[in-house]
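Visitor: Structure in structure tokens, see below.
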Amino acid sequence: MIFTLPNCISILRMVGTLCLLGTAPLSTPFFVIYTLTGVTDVLDGWLARRTGTESALGARLDSIADLLFYAVMLGKLLPALLRRFPAALWYVVGAIVLIRLASYGVAAWKYRTFASLHTYLNKLTGAAVFAVPFVLPTALADGYCWVVCIIAALASVEELILHLRAKSYDPSRKTLLRR
């Protein structure tokens, strides 16, 4: 079934993400919509597992919503982030993006479909990245963003290794450490 509650919540996150395009970065409306999109990101997967309505479509909708969210956030926050952080951080971010793209490429080649794993490290990366706008106005922003980069790098490398080693696509795979 396409229109399950978790799938509708994922679609709502996409709509909320698009609404962010019309808000000023780090303004009150921005933070309200931003927080609601974060809540829907957690809620859709939890609700799908709780109600037994997990599906490949739901996992894809969640991944697409995540990618859309990250793209919009980069567009909204990139100018402020470029001014705020040193070039070295951006080289690390670029390397992480290349690893992530390699992972998507390997998965597309091996499985003939878009595949993104919801590993524990990817979930931790999502939570850490989500907190960045809340930390930006503080003195902790620089150190925090370096920690986020370390987590994101580990998550990206783990997903790439999982795709390289897998015989078939297993969206339920959560870590390299367990089968």
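Visitor: Tell me the relative contact order for the chain as a rounded percent, counting alpha carbon contacts under 8 Å between residues six or more apart.
Guide: Value for the chain: 22 percent.
Visitor: Compute the longest continuous run of the chain that contains no exposed chymotrypsin sites (Phe, Trp or Tyr not before Pro); treat a site as exposed when its DSSP state is not H, G, I, E or B and it has at most 13 other Cβ atoms within 10 Å.
Guide: Here the longest run is 4-113.
Visitor: For the chain, what is the per residue volume of the convex hull drawn over the alpha-carbon atoms, in cubic angstrom?
Guide: Roughly 121 Å³ of hull volume per residue.
Visitor: Further question: So what's the gap between the Cα centers of the range 151-176 and the range 1-78, to the nearest angstrom?
Guide: 22 Å
Visitor: Also: Taking the Kirkwood radius as the inverse of the mean 1/r across Cα pairs, report the Rg/Rh of the range 1-107.
Guide: Here Rg/Rh amounts to 1.03.
Visitor: Something else about it: Which ³J(HN,Hα) values, rounded to whole Hz and listed in residue order, are derived for the range 114-120 from phi using the Karplus coefficients 6.51, -1.76 and 1.60 in 6.51 cos²θ - 1.76 cosθ + 1.60 with θ = phi - 60°, glycine and proline given as x?
Guide: Whole-Hz 3J(HN,Hα) from phi for the range 114-120: 5, 9, 9, 8, 9, 6, 4.
Visitor: When the chain is fully extended, how far beyond the present Cα-Cα distance does residue 70 get from residue 28, taking 0.36 nm per residue of separation? Intermediate results must be reported in sequence, preceding the final value.
Guide: Details: separation 42, 0.36 × 42 = 15.12 nm, distance 1.94 nm.
Fully extending the segment from residue 70 to residue 28 adds 13.2 nm.
Visitor: Same structure again: Express the C-alpha Rg of the range 85-179 as a ratio against the empirical globular expectation 2.2 N^0.38 Å, rounded to two decimals.
Guide: 1.17
Visitor: May I ask you to list the lysines whose Cα is less than 21 Å away from that of residue 110, ignoring any residue fewer than eight positions away on the same chain?
Guide: 167, 174
Visitor: Give me the extension gain from residue 177 to residue 138: residue separation times 0.36 nm, minus the current Cα-Cα distance, reported in nm with one decimal.
Guide: Contour length minus Cα-Cα distance gives 10.5 nm.
Visitor: Charges at C-beta only: +1 for Lys and Arg, -1 for Asp and Glu. How large is the resulting dipole of the range 85-179 about its Cα centre, in Debye rounded to 20? Mind showing how you got there, number by number?
Guide: Values: 10 positive and 4 negative charges, 120 e Å.
Here the range 85-179 has a charge dipole of around 580 debye.
FYI, it's all coordinate maths here, none of it is from the lab. Just so it is clear, the model here is predicted, and its values are computed rather than measured. Quick reminder, even Gly has a Cβ in these numbers, built from the backbone with ideal geometry, and neighbours come from all protein chains shown.
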